[in-house]
Each structure stands twice: as structure tokens, then as C-alpha cells.
Amino acid sequence: MKKACVIGAGFGGLSLAIRLQTSGIETTLVEARDKVGGRAYVWERDGFTFDAGPTVITDPDALRELWTLSSQDMADDVDLMPVMPFYRLNWTDGVTFDYSNDEVALRREIARVAPRDAAGYDEFVRYAAGVYQEGYVKLGHEAFLDFSSMVKAAPALARYQAWRSVYSMVSHYVKDEHLRQALSFHTLLVGGNPMTTSAIYALIHKLEKDGGVWWARGGTNKLAQGMARLFERLGGTLRLGEKVVQIHTLGDQVTEVETESGWKQRFDAIASNGDIMHTYRELLSGNQRGQDMAHKLKKKRFSPSLFVVHFGLEGTWPGIPHHTILFGPRYKGLLDDIFEHGVLPRDFSIYLHHPTVTDPSMAPAGKSTFYALVPVANMGKLPIDWAEVGPILEKRILAEVGRRLIPDIDDRIVTSFRYAPPDFESDLGAYNGNGFSLEPLLTQSAYFRGHNRDDKLKNFYLVGAGCHPGAGIPGVVGSAKATAKLMLEGLK
Ligand SMILES: Cc1cc2nc3c(=O)[nH]c(=O)nc-3n(C[C@H](O)[C@H](O)[C@H](O)COP(=O)(O)OP(=O)(O)OC[C@H]3O[C@@H](n4cnc5c(N)ncnc54)[C@H](O)[C@@H]3O)c2cc1C
């Protein structure tokens, strides 16, 4: 049997390991932390369950496929629950908008908030369906290894005006500023600025419309745990708490993986799900290729980081939906500050996660679990002392949630903690504390992103947010499909 190693058990690494093991490759999945999940890590505190990262699960069929490949049923390992509405959007002028794929309810919301945009919205949906077909269905699972693959995709990119931003394209179809924000903010879920991320990302609208928005009972980490169980059931080997320190090479081949504990093993092929800069700069430091790539990557734009306040409250809030966006007073200006200027603005937009409204098992009886997330510039752009700034920002975010939703929040807090850019760096090896790897610009997508198979090291591969198609659960699960295809060809 051929042997493969996957470094990192994020959703990308887990999906790849499952695909390889299912195809008869003896696969070892090596994870630095004590749990699988990567950005979807989990903490248990005072009876509350706090998911670290992703909370919006889309395209459940792409996940289900990992089980059906071996004729198994995902429902045996993971219980997916529908979330409705998908999001409640709330602006400082008091306008709210419930966004979902319930057509009747959505039309009612558009008629209420932006009555003159009903026809424009229909046109936008047609546009989103087109880019979804071209960008996700046709190209989302295909590796872009050479420039000719980009040339082949060019006519479709031109047809859909991929050089324009999501916000610019949405603005072409709808005129109301609330609706423009409601239809463009999604790129933030993959680390992109709606003002500069390619309009191709309007495909997320179609992805959510068709596949729905889901929640894994017990938290998103339960999905990762379910994937790990499937992988081990298939006969794969999972090594937790093993940080890889070096990928050894011989000529143009990778040969062996070495961890901090001294464990070493030879493999026929190796894939990294770790941060792309960490992978080349540290793990391949012994090879010129690692140094060359690290040098190139330094010139690229990495996505912003995130500041997250996790808190458990006394009481329950049936009126606060699972996902709320509390927009701040500025949209473009705020995005510029985060993505371009690298300053910490006084205002912010908050994504508020409230899982207990869907799944009370996330907190003790009569209590509620929340997290409040704000995007912040990464540490390369904003090199501040987060130990000093963190407590102040946490206070301001909780005060804003209190002002807009939970007036007596301070008296109700049972437990709380924060997660800041340096934590992304120390826990995940994320370069400059990035939340989503490389920024998803057109000039950093497809062929211009990390390649699913390395150009020089013939049996070395990437999987996850740093390679095509990019960040987000559907993205990294798709990257695993593209990478698995290449690895299986290479291992023949
Ligand atoms: C707060 C937050 C909220 C998000 N919300 C959503 C959402 O709602 N929906 C959505 O679809 N996406 C969301 N995302 C994005 C999504 O979570 C990520 O894009 C995706 O999970 C990244 O998966 P990945 O496979 O690239 O690997 P990661 O999750 O980055 O995992 C990489 C793994 O590799 C391990 N590793 C790294 N280096 C080594 C080493 N040297 N040795 C061994 N192991 C190593 C790490 O420990 C980690 O476990 C969110 C992200 C964040 C941070």
C-alpha cells in the first residue's frame, strides 16, 4: 500500500485524509493541537461550549459526499440542523433585515426595506446563479496548476466581469444601501473585502439559497470530530498533539515528516493543511523551494485577523437569532480601515453568534452561549500590543451588544474570554495572525493562489485555505477534492 501524510486536521486536512484513505492509500493525519478542527476548535468552560471559528455551514452535500464515498451515512456521525433566518442584519438607523432562502419571507423583507429593488434583486440572483455554475460547480474542485488553466477560465471570468468587486456588481443591480450591504457582506466570511473581492464571490448567495445554512448539533467542532471518526473507521491513523517541525526532502521529492516529539516517518506523498507561509518558511526551511516560496508569499496580501469575545450569559434570548450582524455607522470606510489603512477604528461591525437559540445543549439549562466577532487588520498591518488593547476592545464590543440587544449584559455574564490576532498566530501558525490565509483577490485566486500540487517538489501538495479555491468550509472541502485527485494520480 502507498503511504501518505496529511499535516493538519482542519476541515481541508480531514477531508483530504478521508478521500485518500477511502481510495486505499494508507494515510496518517498529523495534528499539532490536542483536538481536530483547526479554526473550528472548541473550548468547554463552566458548562458552556464555545466554538472557536466557523458557525455557518453551507453546501452540506459536499460534506455528505465524504461519507457516501465509502457508502456510509453522515447522519450516523453528525446531526445537521437547519438555521432560520440565515442572518438578521441590523443597522444603526434601526433598520433590520432577515435574510434567508424562504422566498416568500425574503420578498417580504425586500418589499419592506428596499421596495424599488425587487426586480434588481431578481437580476442579481440570475447573476449569482451564473457565477456559481462557472466558479463553484465547474472550477471549484479543479486545480489550477499552470497558466493555461487560467486562460481556459478567462472567457467565463470576462463574461461575469470578474474584475469588478462584489459590492460594485451588487450595486449595479440594487440601489438601496441596506440591501447592497446585505448582498455583499458575505465575502467577509472568507476574509475578503466586499469592495475589492471579485464579483465571482457573489456565488455564495446562490450556495446559501440552494443548500441552506446549517448548524452541527453540539457545535461546529462536532462536525470535525465526526469526520475524524469516519477517517479512523476507514483505517486511517490520527496523531494528535504532534507538531510537525520539518518535511525532509531529497532532490525534487519530499520524503519524511518529523515532529517536535522526535517522531519521524517516511511517506510516498505529503500534503500540508497548515498555514501556507508556515508550511514553506518553517516546514520546508531545509529546501531552497521553501525559502523561495516564503520570499514570494511575503509580497502577497494576507487576509485580516479577527477579534472574538466569547461569553456565557445567565438567561435565554429566544428573540435573538442564531446569526446577527450589527453593522456599524460606516461600511466602506470601516472596510478601508481594516483592509487598507491598518488602523483600529473607533467604530466596528459585529457578527454575533448565538448558538443556544438553535441548540440549547451549548450551555447549561437557562443559560446562553454567544460570541461577538469583529474583523481587525492583521498583525502585519497593525502591529499593536493586543494584551493592552484586547481588554479595552472587549469592553467596547460588549457595551455595544448591550446597547443594541441585551441592556443588562454586564450583570448576566457568567464566563467570558477573548481570542485575538496573536492567538491565531500561536495556536495555528497563522502568518501575521491571519483569519483566512491569503486575501481572496482575483490576483490571488485560482492559478495565482497556492498550488494544490507544488510546482517543484513533485510529491508535495497543499490543501485548505491557502490553495485553490480558498477559505470557508465549502472552499477547503473543495480544495481537498482537487488535491486528492492529484495525489491519487501521483500515487498510481
Ligand atoms: C472566527 C472564524 C469564523 C469563521 N466562520 C466561518 C463560517 O461561518 N463559515 C465558513 O464556511 N467558514 C468560516 N470561517 C473560515 C473557515 O473556518 C476556514 O477557512 C477553514 O476552517 C480553514 O480550514 P483549513 O482546512 O484551511 O485549516 P485550518 O482550520 O486552518 O486548520 C489547519 C490545521 O493545521 C494544523 N497545523 C498547522 N501547522 C501544523 C504543524 N506544523 N504540524 C501539525 N499540524 C499543524 C493546525 O493546528 C490546524 O489544526 C471562519 C474562520 C474564523 C477564524
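For region 17-58, a residue qualifies if it is under 24 Å from Tyr351 (Cα atoms), in contact with a Phe, Trp or Tyr (Cβ under 9 Å, 6 or more places away or on another chain) and within 9 Å of the ligand (Cβ to nearest atom), and the qualifying residues are Gly37, Gly38, Arg39, Ala40, Asp51, Ala52, Gly53, Pro54, Thr55, Val56, Ile57, Thr58.
On the stretch given as region 306-328, residues that are over 25 Å from Val343 (Cβ atoms) and of a type in the set (A, V, I, L, M) total 2. Scanning region 219-239 for residues that are farther than 30 Å from Val83 by Cβ and surrounded by fewer than 22 Cβ atoms within 10 Å (Cβ to Cβ) yields Gly235, Thr237, Arg239.
Checking each residue in region 31-64 for being among the small types (Gly, Ala, Ser) and either in contact with a helix residue (DSSP H, G or I) (Cβ under 6 Å, 6 or more places away or on another chain) or in a strand (DSSP E or B) (or both) picks out Gly37, Ala40, Gly53, Ala62.
So, Leu335, is that one of a type in the set (A, V, I, L, M), in contact with a Pro (Cβ under 9 Å, 6 or more places away or on another chain) and not assigned by TED's automatic domain parsing to the domain that holds Thr220 or not?
In short, yes.
From the list Lys485, Lys456, Lys395, the lone residue that is away from the ligand (no atom under 15 Å from the Cβ), assigned to a loop (DSSP other than H, G, I, E, B) and either within 20 Å of Ala17 (Cβ to Cβ) or of a type outside the set (Asp, Glu) (or both) is Lys456. Look at (1) out of contact with any helix residue (DSSP H, G or I) (no Cβ under 6 Å at 6 or more places or on another chain); (2) more than 30 Å from Pro364 (Cα to Cα); (3) more than 10 Å from the ligand (Cβ to nearest atom) and you find that Gln225 fails only one, number (2). Taking the criterion of being among the hydrophobic types (A, V, I, L, M, F, W, C), away from the ligand (no atom under 12 Å from the Cβ) and surrounded by fewer than 23 Cβ atoms within 10 Å (Cβ to Cβ), the only residue of region 186-211 that qualifies is Met195. Restricting attention to region 268-319, which residues are part of a helix (DSSP H, G or I), over 18 Å from Leu250 (Cα atoms) and within 12 Å of the ligand (Cβ to nearest atom)? Selection gives Ile276, Met277, His278. On the given criteria, is Leu428 within 18 Å of the chain's Cα centre (by Cα) and surrounded by fewer than 19 Cβ atoms within 10 Å (Cβ to Cβ)? For Leu428, the condition - within 18 Å of the chain's Cα centre (by Cα) and surrounded by fewer than 19 Cβ atoms within 10 Å (Cβ to Cβ) - is not met. Once region 405-420 is narrowed to residues that are within 30 Å of Met379 (Cβ to Cβ) and in contact with an Asp or Glu (Cβ under 7 Å, 6 or more places away or on another chain), the residue that is surrounded by the most Cβ atoms within 10 Å (Cβ to Cβ) is Arg418.
Give me the residue from region 3-30 that is assigned to a loop (DSSP other than H, G, I, E, B) and touching a strand residue (DSSP E or B) at 6+ places or on another chain (Cβ under 7 Å) and, out of that set, surrounded by the fewest Cβ atoms within 10 Å (Cβ to Cβ). Checking each candidate, the answer is Ile25. Annotation: of all residues in region 459-481 being more than 19 Å from Asp275 (Cβ to Cβ) and not in a loop (DSSP other than H, G, I, E, B), the one that is farthest from the ligand (Cβ to nearest atom) is Lys481. The residues in region 329-347 that are closer than 12 Å to Phe185 by Cβ and assigned to a loop (DSSP other than H, G, I, E, B) can be counted, and the count is 1. Going through (1) closer than 28 Å to Met227 by Cα; (2) part of a helix (DSSP H, G or I); (3) in contact (Cβ under 8 Å) with a residue 60 or more places away in the chain one by one, Phe124 falls short only on (1). Of the residues making up region 261-289, those that are over 25 Å from Val477 (Cα atoms) and either outside the structural domain of Phe448 (by TED's automatic domain parsing) or without any contact (Cβ under 8 Å) to a residue 24 or more places away in the chain (or both) number 4. Selection within region 426-448: residues that are assigned to a loop (DSSP other than H, G, I, E, B) and over 28 Å from Ala154 (Cβ atoms). The member of this set that is farthest from the ligand (Cβ to nearest atom) is Asn434.
The values are calculated or read from the model by the stated rules, or taken from the named source; none is laboratory data. Source: prediction; values computed, not measured. Positions of Cβ are backbone-derived with ideal geometry, glycine not excepted, and every protein chain shown enters the neighbour counts.
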